[in-house]
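Notes follow once the structure below has been shown.
The values are calculated or read from the model by the stated rules, or taken from the named source; none is laboratory data. None of the values given here were measured: they were computed from a predicted structure. Glycine also receives a Cβ, built like all others from the backbone with ideal geometry; neighbour counts cover every protein chain displayed. All accessible areas refer to the heavy atoms of the entire protein, side chains included, with ligands and DNA or RNA removed. Shrake-Rupley method; radii C 1.70, N 1.55, O 1.52, S 1.80 Å.
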Amino acid sequence: MKRILYIYIALAAVFIQSCKKDLGNYDYMDTEVVRIDTGGIGATYRILRLSHLQIEPEIQIPEGQDLQYQWLLYGKQTTNNAVPPAKEVSNQLNLDYIISEPVGEYIAELIVTNNTNGLKSNVLFNVSVTANMEFGMMILYQTAQGGDVDFIRTPALSADIATTTQTKGLYSLTMGKYLAGQAKFIWSARQAYQITNWITVGSDNSLGRFLGSDFTLIRDQEELFRNRELEINPQAYVFTIGSQQVMINGDKLLVATTGFFESDIKFGSPADGDYELAPYLSPKVSSGLGAVGYDTKHSRFIRYFISTNTVGDFSAPVEGQAFDLRNIGKDMLYMTSGASNYTYAFFKDKTGDARWLYGLNFSATDNGALAIGAYNMTSLPEISSAKFYQVSGFGGYAYYATADKIYNYAYQSTNTASLAFQIPEGEEITCMKYYRPTPNSMVADKEERVLYVATWNGTNGKVYELAINETSGVVNQTPLNVFEVDGKVADMSARAKGFG
Amino acid sequence: MNFLYKVTIGVLLIVGLFALAGCEKDIDGYTQDPRLYFFERANDVNRTRVSSRTFTFLTLADEEMKDTLYIKVKTMGEIVNRDRQVMGKTIAEGTTAIEGVDFDFIPGLVPAGNIEGLLPVVLYRTLRLKNETVVLNLTIGETADFKAGVIEDEVFTLSWADRLIQPNPWPFYFGAYSNVKYQFIIDELGIAEFPSQLSPRVENLPGEYSLADLQDMASRLRVRLREVNTENFGKPNYPLRDENGALVVF
């Protein structure tokens, strides 16, 4: 019994030891402290990249105190990664900052320094930066300082979009400068369950690849060409249905074949051959054909051979073909994709004013039967003034636009055109594009239901969002939206979502 | 009484269990001498062992009479907080290079706190290299810091010359090797070595060429060869042929 008692006494002695009172000797003094009241301010700010982060905390300032403010923004440490450097984003009490940081979790910290007594107070806000680059229209335009990009999202583009938004200046906010040179093209390349998910932006002397999900820079032209001695003069770019990145640079064809690593999907040397390309490309080109261009030097279509990086003629046409791809003999005005995964090319005769629409099936193999049809456009109204073209993917119609009018051309039925839309006086059309997201998954019911028409009045740019009937091409005369753009629009392109 | 004993024994067992948890035995560490082995590896899925390297003085300026090659080595044993010396040693069998004439070993380092280092070999540009390729089979030399380690990684072969020798690897896209073709490539691209991506599923390291890079080089060379042949039309060296009389093609 005694033995048990001793055991318990020993255990009790050990436990009681930890209850010893701390006999500290402290002096307390009241000091005027700045109090930051975060009541009513949410715990986490969820914000779209490139939009305004606005935080207005209430502070209680002791009378007669001189305060100094500093807002810091830094990445949230989520694992044992290195602590990212903090960036000072404001020195005002109320924060109003356009988030150009990549998508991620951040901390916004307000530090209030009381210059009177040297004491500091701080408060932290969680900021979750997301980007919504799914389903929208990318607008590339030219300002006096250089090129820039806006991103438009409206309910007409996806059932998931409830409100109309226009995110301005994606390029300049991301890069801290405008796109150098004359803006040429913007294109979204997206491949399901593959690494291809980026936006390519080009001007006549620069090229950039941006992440599709949030428009952060992946690499610029220094890292996009295998041969760095090549003169950079991009003119056109597409991502084809055969998964090739195809570009025309300095009248030559450059192809970046797909691969496992984005870092290795670069443009090689110009395809070898005696040719000079018109600055137009079609995305509806099979992997077998590689890429297709129109050689202005010999007035013919040429195709690409991946294994030798060369271009060459198509096969001779079989009996009954509407034309010979090896000898078109006309000047190309435009080329785009349209119905049945075909490519449509607009031509002008080398002499005279005759205009033509040629249909071609480049999504097939080179079997000598790629010429689908030739349509004489010569007698259409104002056709000699046409500057912009689009061909429907749903019906047998196409649009052509003069400086201020859009015509609906029924090429498959009556071969006539009727006025579809008139731009307000004083404005001039600078670009016309369907909303045609590729891939169209989840928005097949929205594809080609909207036509975007950009105008310029000499000082300001506008983008009209026009509702259209996808099979007839009839345009609703009341625009769904009209967007103000800070420059002259050079190109527009749909941004898809895709899978994976 | 009986119950109190049981409770007491239970309490003691629990306390003892916690106390004994701190007595876990440490796993035995590496107790051998520090050792060293060659650690050149290919950038492929399996990190394949690389046990040889070629070198030519031809791409160096004429006045450069020596060059130092470095072979990556890795240590066995504890990390040590001081620089450690490594040294190469000749294996006589199969070696045609003469130490002190064709090459010298100089001490290399495994820096403090590191498990990898570089073993240097100084190669000399001797006259006979114009006509022949010399071979050095080397192993890890014993120093105060290291002995030789892994048997499979204790031999490395260097071959060098002052003339063209087929680089390893020779890109598939360039077709059959010939000295004339190789010289043409060096003249046109300014590149003599082609460390390359071995698998499209492994991202190429900095300094390595991807398969697409090599394919693009072949494309550029094809265009340049045509231009050069056009320039030489009517001259004795038209069209470009290799040392065996075969046409050079890419």
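Some observations on this one:
- Test: residue in region A:237-248 that is within 14 Å of chain B (Cβ to nearest Cβ), open to solvent by less than 40 Å² (accessible area, probe 1.4 Å), in contact (Cβ under 8 Å) with a residue 24 or more places away in the chain and at negative phi: yes
- Within region B:235-250, the only residue that satisfies the criterion of being in contact with a strand residue (DSSP E or B) (Cβ under 7 Å, 6 or more places away or on another chain) and either within 14 Å of another protein chain (Cβ to nearest Cβ) or loosely packed, with under 13 Cβ neighbours inside 10 Å (or both) is B:L247.
- Residues in region B:51-68 that are at pLDDT 90 or above and either assigned to a loop (DSSP other than H, G, I, E, B) or open to solvent by 100 Å² or more (accessible area, probe 1.4 Å) (or both): 5 in all.
- Residue identified as assigned by TED's automatic domain parsing to the domain that holds B:D242, surrounded by 15 or more Cβ atoms within 10 Å (Cβ to Cβ) and closer than 15 Å to B:F57 by Cβ among B:E188, B:E193: B:E193
- Enumeration of residues in region A:124-175 that are among the β-branched types (V, I, T), touching an Asp or Glu at 6+ places or on another chain (Cβ under 7 Å) and open to solvent by 20 Å² or more (accessible area, probe 1.4 Å): A:T143, A:T167
- Residue list for region B:196-214, restricted to those being surrounded by 17 or more Cβ atoms within 10 Å (Cβ to Cβ), farther than 30 Å from B:R241 by Cβ and within 10 Å of chain A (Cβ to nearest Cβ): B:Q197, B:V202, B:N204, B:S210
- Scanning region B:216-234 for residues that are of a type outside the set (G, A, S) and either touching a strand residue (DSSP E or B) at 6+ places or on another chain (Cβ under 8 Å) or open to solvent by 60 Å² or more (accessible area, probe 1.4 Å) (or both) yields B:M217, B:R220, B:R222, B:V223, B:R224, B:R226, B:E227, B:T230, B:E231, B:F233.
Per-residue answers, yes or no, for (1) part of a loop (DSSP other than H, G, I, E, B); (2) in contact with a Gly (Cβ under 6 Å, 6 or more places away or on another chain):
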| position | (1), (2) |
| --- | --- |
| B:V73 | no, yes |
| B:E93 | yes, no |
| B:L109 | no, yes |
| B:L136 | no, no |
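- Restricting region A:285-308 to residues that are open to solvent by less than 40 Å² (accessible area, probe 1.4 Å) and either within 11 Å of chain B (Cβ to nearest Cβ) or of a type in the set (K, R) (or both), the residue that is farthest from A:N367 (Cα to Cα) is A:R300.
- Selection count where residues are over 26 Å from the mean Cα position of the chain (by Cα), charged (D, E, K, R) and either in the same structural domain as A:R436 (by TED's automatic domain parsing) or part of a loop (DSSP other than H, G, I, E, B) (or both), scope region A:284-341: 5
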